[in-house]
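Taken together, the values in this text are just the output of simple stated rules run on the coordinates, not laboratory data. Computed from a prediction, not measured in an experiment: that's the story for all the values here. No Cβ is skipped: glycine too gets one built from the backbone with ideal geometry, and neighbour counts run over all protein chains shown.
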Amino acid sequence: MSPSKSVIMVTGGSGLVGKAIDWVVENDSKYGKREGEEWVFLTSKDGNLIDPAQTKAIFEKYRPTHVIHLAAKVGGLFGNMAANLDYFRDNLLINDNVLHNAKEFGVKKVVSCLSTCIFPDKTSYPIDETMVHQGPPHDSNYGYSHSKRMVDVMNRAYNQQYGCNFTSVIPTNVFGPHDNFHLVNSHVIPGLIHKCYLAQQNNTPFIMAGTGRPLRQFIYSRDLARLFIWTLREYQEITPLILSVPEEEEVSIKQVGDSIVKAMGYTGDYRFDTTKADGQYKKTASNKKLMSLNPDFQFTPFDVALSETVEWFKENVDTIRK
Ligand code: NAP
Ligand code: GDP
């Protein structure tokens, strides 16, 4: 980034990833705020990004020089299965409005957020950056996945046609403070933390969905935030970059349950409801490209990050988003 004043606008600033970026900007000596930077964190109260006029008004108001684009309709397996069309349309519209205005207002760089669930369902492992468009995504969340894939198509086209510097990153499953801890429409870690907490409070069984066998790579939201800021400052390509922990740190959903039980100190009955869907078995991603560009990056160990998240949940249980 240039040493002159930058206005870095973060869409989706009130979400899991946006709050983590805010935390890193304020607290991290290496990746935090630099002189000349002004950071703006948007929420849906600043305007609905599905709406073209409201999106334009936001760009007119803040005149960003850089954009980290996080805002999206986001949900776990069960939310996606119930509403593929909504996930497709809302995200397509949000992304189109943000990128169009970024081009119109001469934004110098945009980093948008994709997800490893957008990769082809039938693929070889580990998945890498070249595979985004090589076959249909998993059926459970094809709406969300296709809308996210189109960001990469738009980034390429904006660059080709107008020379825009719009890129994207592909995080694996994310968790941390400020997550959506809803009991049904959430991702596995926040959903299970909430369920385990209630089981402990009410002396009822802790029940996890599916078989516990699927495998996932989880990245702590504050690590992802550091990498987002590094990408904005250092990554030079238009093609997406996978932001993931190493392949060896992939864990089963059963291991996630065990870690939550341990972090929560839960001692009651704990089992699986195998009538519930497992979703994709795995989506193991390679972080080789990331580590070749940022070889010194240190990830927070999973159990440390999970304990911090459980502690945050317990301290904020009365005010978590419903
Ligand atoms: P989140 O916690 O659900 O937050 C979503 C954010 O988007 C909130 O700030 C929300 O604002 C905003 N938003 C949603 N719809 C909007 C609209 N129509 N207009 C304006 N703002 C809107 O999501 P997250 O987990 O932080 O996800 C951030 C990004 O990471 C997303 O692009 C997601 O696809 C991607 N990602 C997430 C994961 C994961 O495991 N969570 C994994 C891979 C990729 P309000 O708070 O005001 O509603
Ligand atoms: P995904 O990685 O996109 O599939 O997203 P999730 O975070 O929803 O992870 C889903 C995996 O966790 C699936 O194998 C689910 O069967 C399993 N799982 C177990 N319990 C839960 C739960 O309470 N909520 C969610 N979302 N998934 C659960």
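A few comments on the model shown:
- At 1.306 mPa s and 10 °C, Stokes diffusion of region 198-237 via Kirkwood alpha-carbon radius, µm² per second: 113 µm²/s
- Residue by residue, region 14-25 carries 3J(HN,Hα) couplings of 9, x, 3, 6, x, 5, 5, 5, 4, 4, 5, 4 Hz when phi is fed to the Karplus relation 6.51 cos²θ - 1.76 cosθ + 1.60 (θ = phi - 60°); x denotes Gly or Pro.
- GNM top mover of 139, 296, 22 - the chain, alpha-carbon springs below 10 Å: 296
- GNM on the chain, alpha-carbon springs under 10 angstrom: the most fluctuating residue among 195, 283, 122 is 122.
- Distance distribution note for the chain: the fraction of Cα pairs above 27 angstrom is 42%.
- Summed over qualifying helices (DSSP H, 4 residues or more, each -39500 (n - 2.57)) and divided by its residue number, the chain shows a 222 nm mean residue ellipticity of -13000 deg cm²/dmol.
- Take every pair of alpha-carbon atoms less than 8 Å apart whose residues are at least six positions apart; their mean separation over the length of region 119-245 yields a relative contact order of 28 percent.
- Calculated on the Cα set of region 190-322, radius of gyration then Dmax: 17.0, 53 Å.
- Charged-residue dipole, Cβ positions (Lys, Arg, Asp, Glu), region 1-88 about Cα centre, Debye nearest 20: 80 debye
- Whole-Hz Karplus values for region 184-196 come out as 10, 8, 9, 7, 4, 5, x, x, 6, 4, 5, 5, 5 Hz, taken residue by residue from phi with 6.51 cos²θ - 1.76 cosθ + 1.60 and θ = phi - 60°; glycine and proline positions read x.
- On Cα atoms only, tilt of 221-234 relative to the major axis of the chain in degrees: 20 degrees
- Per-residue HN-Hα couplings for region 5-13 [Karplus 6.51, -1.76, 1.60; θ = phi - 60°; Hz; x = Gly/Pro]: 5, 10, 10, 9, 9, 10, 7, x, x
- Kirkwood Rh, Cα atoms: Rg over Rh of region 62-210: 1.04
- Amide H to amide H, with H built 1.01 Å from N, residue 40 comes under 5 Å of 8, 9, 10, counting only residues 5 or more places away or on other chains.
- Over the C-alpha atoms of region 50-130, the Rg to Rh ratio, Rh being the Kirkwood estimate, stands at 1.05.
- Intensity falloff of region 239-292 expressed as log10 I(q)/I(0), Debye formula with alpha-carbon point scatterers, at q = 0.14 Å⁻¹: -0.58
- Computed from label points 7 Å out along Cα-Cβ, the spacing between residue 203 and residue 255 is 3.5 nm.
- Compared with the dominant Cα axis of the chain, that is its longest principal axis, helix 142-162 is turned about 20°.
- In this structure, residue 51 and residue 319 have a Cβ-Cβ separation that, at R0 = 30 Å, corresponds to a calculated FRET efficiency of about 0.60.
- Modelled spin-label separation between residue 37 and residue 60, with each label point placed 7 Å from Cα along the Cα-to-Cβ direction: 2.9 nm.
- Sites matching GluC sites (Glu not before Pro) across region 1-88 that sit in DSSP coil, with at most 11 neighbouring C-beta atoms within 10 Å: 35
- The C-alpha atoms of the chain define a longest principal axis, and helix 302-316 lies at about 90 degrees to it.
- Extension gain for residue 298 to residue 281 (0.36 nm times residue separation, less C-alpha to C-alpha distance): 3.4 nm.
- Rel. contact order, % - alpha carbon contacts under 8 angstrom, at least six apart, the chain: 19 percent
- For residue 243, the residues whose modelled amide H falls within less than 5 Å of its own, excluding neighbours fewer than 5 places apart on the same chain, are 170, 172.
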